[in-house]
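Student: A single structure is presented below for examination.
Values in this text are rule-based calculations from the coordinates and carry no lab data. Only a predicted model underlies this, so the values are computations on that prediction, with no experimental measurement involved. Neighbour counts are summed over all protein chains in view; Cβ atoms, including those assigned to glycine, are modelled from backbone coordinates with ideal geometry.
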Amino acid sequence: MKTASLMALFMALTAVFSYAFQPKPQADAQARANTPLEQLFPSAFGGWRLDPAASALIRPAFERARQFQMYDQVLERTYMDDAGHRIMLSVAYGRQQSVGLQMHRPEVCYKAGGFKVSNIEPGTLGLLGRTLPVTRLFASLEGRPEPITYWRLLGNEVVADEASFKLRQLTPGAMGGIPDGLLVRISSLDDDPPRAYKLQTDFAQAMAQALTPAQRQRVLGW
């Protein structure tokens, strides 16, 4: 009986210490919320550099969401390479991705902005020997053809399809609370989508190479 009691006490203490020292999802989320997006994305890498003069190219797709405080942080940049190619990078971070308050997917934002949206399809980016699931689509407005590549994270995990995203939102308890979210959008002005997606892939590869391991975990879900 004494042995059984000691074993029970040992198991209880083990459970308590395991819980006490395991990573806390909410603490991790708070750390992510406190990190400015500007610190995650370098201003120059692999032949790409910021092009402040082209900031007007970025469609203010997040403006409506800003008004309703859907995002806690937004980063919008235009990069240019030595050949004059331009890539637009738009990133949105939301501290709580509940069912009623979540990131707007680009196909929704662009359509609301008057764009015709077509060819929405899943894809992948091969980055540093790993595969990143993404979504691609083509948005067009008169005089502005824009192929888009984007991915979304809940916490530190990339969630590729909408069904999985909704499921994770509906089961916050398993994640230690309502998850935070990050949306990374890469786009360019080009009427040739295959060519644009190739350029966007090259851009993403150069960016992934320049990120630190901690930044890759945050931006790519690694």
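Student: Full-extension gain between Q205 and E142, please, as 0.36 nm times their residue separation minus the C-alpha to C-alpha distance.
Tutor: On the way: separation 63, 0.36 × 63 = 22.68 nm, distance 3.05 nm.
Extending this stretch completely gives an extra 19.6 nm.
Student: Using amide H atoms built in the peptide plane, which far-off residues or other-chain residues are under 5 Å from D180 H to H?
Tutor: Answer set, sorted by chain and number: Q97, G155.
Student: Now for a different question. Place a point 7 Å from Cα of E121 in the direction of its Cβ. Which residues in the range 189-203 have their backbone N less than 16 Å from it?
Tutor: 192-199, 201
Student: Packing-wise, with mean Cβ within 10 Å as the measure, how do 131-142, 35-46 rank, highest first? Walk me through the intermediate numbers first.
Tutor: Values: 131-142: 18.0, 35-46: 14.4.
Listed from highest to lowest mean packing, they are 131-142, 35-46.
Student: Still on this structure, I have one more. What list of ³J(HN,Hα) couplings, whole Hz, do you get for the range 151-157 from phi and the Karplus terms 6.51, -1.76, 1.60, once you set θ to phi - 60° and write x for glycine and proline?
Tutor: Values per residue, Gly and Pro as x: 9, 10, 10, 10, x, 9, 10 Hz.
Student: Can you give me the long-range amide H partners of L125? Hydrogens built in the peptide plane at 1.01 Å from N, cutoff under 5 Å, separation of 5 or more residues or another chain.
Tutor: L132, V134
Student: Amide H neighbours of D72 under 5 Å, counting only residues 5+ apart in sequence or on other chains, H built in-plane at 1.01 Å?
Tutor: Y93, G94, R95
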